[in-house]
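The values are calculated or read from the model by the stated rules, or taken from the named source; none is laboratory data. Here the structure is a predicted model, which is why all the values come from computation and not from measurement. All Cβ positions, glycine included, derive from the backbone under ideal geometry; neighbour counts span all protein chains shown. Ligands, DNA and RNA are excluded from the accessible area calculation, which covers all protein heavy atoms including side chains. Shrake-Rupley method; radii C 1.70, N 1.55, O 1.52, S 1.80 Å.
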Amino acid sequence: MKNCIAAVDMGTNSFHLVIVQIRTNGAFKIIDREREVIRLGSHRGKDLNQISEGEIEKAIDILSEFNKIAKFYGAELRAIATSAVREAKNKDEFLTRVYKATGIAVEVIEGVTEAELIYRGVMKALNVRKKRVLCIDIGGGSTEFLLGEKGKPIFAESVKIGAVRLSIKFFPDYHISPATINACENFITAQMLAHKDLNSHHQYDLVAGTSGTINAAASILHFRRHNEFAKSLNGFKFKAKELFKMIAEVLECESPVDRLSIQGMEIKRADIIPAGLLILKKAFEVFNIEEMTVSENALREGIIIETIENLDKHLVL
């Protein structure tokens, strides 16, 4: 196929591939998607600061497969790594081994850049360029917050609280208790309040939520309303009241197996969802959020948009 590009979001919890075909005026059509769970940096201690040998090998296997898919479509592949890689003590070894094995030169981006790329993806998905939007993306290793208006960020923050990171730190066997939940909540509060821009004084027209935890929460809430899984969650809205009720029920489930009794629960997320939902709950409280709208676009689509813009600049030059 002609005019195809591929983007890989190398997250802490999972790697995502998206392949698009570029249309006119910077528009694009998604023609393929893949996702592989990896839990990068989760097997060597509580701080996600060491990528294990097994994780390096698994990352290489996943990226090799993604590269084959990209080549099938004749697409140039761009891979972006986030929290787990940027914090890893053996980051350079990881990047070198990936390049030697796959030929992929992985780009490692900072959290603020990650938030800005997510915002680009959100604007495309929800058509909110003219609105003042608060974006929240809960990942495996970090959570990104951005307030933007008319395509311009007003503030962007990346906080080291993520569903995988906090699960390892507070729920290492993925079992929860009132004491560990309370400790996790206190940690989230302290981490968020250390960032001055994370407060209730901001005005916004819409709150957009992206990525794994928020998609999983929305999937459960959609199932409760309609008794079926959604074909697409893009634009799905949910209120604070129904979210908090659902979170309370999930936190009553002590083990991952217990959590599978929750209708709409994603099997591969039942272990880490308590930590993710505690982050989401605190975000709702800190920003006084009444309603959130889901964006199915996130970092990987932001990478695509930026890549297309860069291609256009080169063509002009």
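Taking LYS131 as the anchor, which aspartates and glutamates have their alpha carbon closer than 16 Å to its alpha carbon, excluding any fewer than eight residues away along the same chain?
Cα-Cα hits under 16 Å: GLU116, GLU149, ASP205, GLU291.
Mind grabbing the accessible area of GLU57 for me, 1.4 Å probe, Å², rounded to tens?
90 Å²
Count the lysine pairs in segment 183-317 that are 8 or more places apart or on different chains: how many have C-alpha atoms under 15 angstrom apart? Write down the numbers at each step before the final one.
Values: LYS239/LYS281; LYS239/LYS282; LYS241/LYS281; LYS241/LYS282; LYS245/LYS281; LYS245/LYS282.
So the count of such lysine pairs works out to 6.
Given Cα pairs under 8 Å that are at least 6 residues apart, what percent is the relative contact order of segment 177-317? Mind dumping the intermediate values first?
Values: 136 pairs, mean separation 52.3, N = 141.
It rounds to 37 percent for segment 177-317.
Accessible area per residue of the chain at 1.4 Å probe, in Å²? Show your work: numbers first, answer last.
Working: 14450 Å² over 317 residues.
For the chain, the per-residue accessible area is 46 Å².
Among the GluC sites (Glu not before Pro) in segment 159-257, which ones are in a DSSP loop with at most 13 other Cβ atoms within 10 Å of the Cβ? Mind listing them?
Working: sites: GLU185, GLU228, GLU242, GLU249, GLU252, GLU254; in loops: GLU228, GLU252, GLU254.
Answer by residue number: GLU228, GLU252, GLU254.
Can you send over the carbon and sulfur percentage of the accessible area for segment 45-135, probe radius 1.4 Å, protein chains only?
Values: 2000 of 4360 Å².
Here carbon and sulfur together make up 46 percent of the probe-accessible area.
Need the full-extension length gain, LYS89 to SER232, defined as separation in residues times 0.36 nm minus the C-alpha distance. One decimal, nm. Numbers along the way, then the final one.
On the way: separation 143, 0.36 × 143 = 51.48 nm, distance 3.81 nm.
This chain segment gains 47.7 nm when fully extended.
Can you give me the solvent accessible area of ARG300 with a 1.4 Å probe, rounded to the nearest 10 Å²?
My reading of the accessible area for ARG300 is about 30 Å².
Any idea what the relative contact order of the chain is, in percent, if you count C-alpha pairs under 8 Å spaced at least 6 apart?
Working: 621 pairs, mean separation 60.1, N = 317.
The value is 19 percent.
Counting DSSP beta bridges in the chain, what percent are antiparallel, to the nearest 5? It would help to have the intermediate numbers written out before the result.
Values: 33 of 48 bridges.
About 70 percent, rounded to the nearest 5.
Would you count, across segment 1-125, every pair of lysines whose alpha carbons are under 21 angstrom apart, provided the pair is eight or more residues apart or spans two chains?
18
Pick out which of ALA190, ALA248, ALA163 has the largest mean-square fluctuation in a Gaussian network model of the chain, springs linking Cα atoms closer than 10 Å.
ALA190
Can you compute the helix-only [θ] at 222 nm over the chain? Use -39500 (n - 2.57) per DSSP H run of at least 4 residues, normalise by all residues, nearest 500 deg cm²/dmol.
On the way: 11 runs with 139 residues, N = 317.
Theoretical 222 nm ellipticity from helices: -14000 deg cm²/dmol.
Roll a 1.4 angstrom probe over the protein heavy atoms and tell me the percent of accessible area of segment 208-317 that is carbon or sulfur. All intermediate terms of the calculation are to be shown ahead of the outcome.
On the way: 2630 of 4990 Å².
Of the solvent-accessible surface of segment 208-317, carbon and sulfur hold 53 percent.
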